[in-house]
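First the structure, in the form of structure tokens, and then the observations on it.
The values are calculated or read from the model by the stated rules, or taken from the named source; none is laboratory data. Everything numeric here is computed off the predicted structure, so don't read it as measured data. Every residue, glycine as well, gets a Cβ built from its backbone with ideal geometry; the counts of neighbours run over all protein chains shown.
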Amino acid sequence: MVDLFAELDSRDQRVQKESATVLKDMYRSAQEETGRGTKKLDSKARHFARQARKAVALTQNFPPSNPEVDAQVERETRQEAASIKQTCDELGVQIHEINPDGHCLFSAIADQLALLNILPPNQANYAVVRAAASDYIYGHPDDFLPFLPSISGEDGVGATENTGLMNARQFEQYCLTIRDTAAWGGEPEVLALSRSYNIPIQVVQGGTPSVVVHAPDGNLPSNLGRGAKVVRISFHRRMYGLGEHYNSLRPKNALTTVADKIQSILS
């Protein structure tokens, strides 16, 4: 719910519309559930209903759709998809879609760790990977604090003097948030997981560079091509309407390779 409200403030009109649609559907579902029985809503459900009503009200203030902006977003989406696919083809991998639920980074890396036999299947889930990232960051504050600005900003209450960085309490809360909530992960968490599991992590993206590598010791391995023992995930800024997203990149099988060749001939 918090993530969806954040998207309502986005400047991207497509993101606004899709987020609003999700929230409206959630609100209608809550109304239907209430209407099917006489049981009163509990406090959590009442809070959800209030939040949903607020979201629906906010959508009424959205500006009308701008065709030029929409067309630009569509172009950027296609360009990003084409760029990521080209890199995936070069690496011999394909996108394995991960649920866009706030846990996507951790779920994508969990999927990779299972493929590489680093985690057993019953432990290859976002909860285990979140805990690993949180524990590593918490145990190595000097490596991560320089990249974690104070939640309230450089001049905010709680910022460390003259630095604008998190204080000890904020840092501990940050680690707990990564471990226990659906907060999105980013560069600090990718680096922490690379070091925690002692394996390079490649992030394929639509921008430049097309592949960002995080190595446990900071030194880039000489061989990260096909067949290398490396975690591979993709980072999408435009592919999903609700914002940034990570997917897992699995090796292509023979059937996929044949299908790609047929598609290239026909296109």
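Odds and ends about this structure:
- Within region 115-131, one or more residues are part of a helix (DSSP H, G or I), under 15 Å from GLN173 (Cα atoms) and either among the hydrophobic types (A, V, I, L, M, F, W, C) or at pLDDT 95 or above (or both).
- Meets criteria (in contact with a Leu (Cβ under 6 Å, 6 or more places away or on another chain), β-branched (Val, Ile, Thr) and assigned to a strand (DSSP E or B)) for VAL204: no
- The single residue among ALA45, ALA110 that is part of a helix (DSSP H, G or I), aliphatic (A, V, I, L, M) and modelled with pLDDT of 65 or more turns out to be ALA110.
- Filter result for LEU191 (more than 20 Å from LEU249 (Cβ to Cβ), at pLDDT 95 or above and over 13 Å from the mean Cα position of the chain (by Cα)): no
- Test: residue in region 111-121 that is touching a residue at least 12 places away in the same chain (Cβ under 8 Å), small (Gly, Ala, Ser) and surrounded by fewer than 18 Cβ atoms within 10 Å (Cβ to Cβ): no
- Single match in ALA228, ALA159 (criterion: outside any helix (DSSP H, G or I), modelled with pLDDT under 85, in the same structural domain as LEU116 (by the TED database) and surrounded by 17 or more Cβ atoms within 10 Å (Cβ to Cβ)): ALA159
- Scan of region 198-217 for residues that are under 17 Å from the mean Cα position of the chain (by Cα) and small (Gly, Ala, Ser), ordered by number: GLY206, GLY207
- The set of residues from region 74-87 being surrounded by fewer than 18 Cβ atoms within 10 Å (Cβ to Cβ) and not acidic (Asp, Glu) comprises ARG75, ARG78, GLN79, ALA81, ALA82, SER83, LYS85, GLN86.
- Residues satisfying the stated conditions in region 184-210, i.e. surrounded by fewer than 21 Cβ atoms within 10 Å (Cβ to Cβ) and either acidic (Asp, Glu) or touching a Gly at 6+ places or on another chain (Cβ under 7 Å) (or both): TRP184, GLU187
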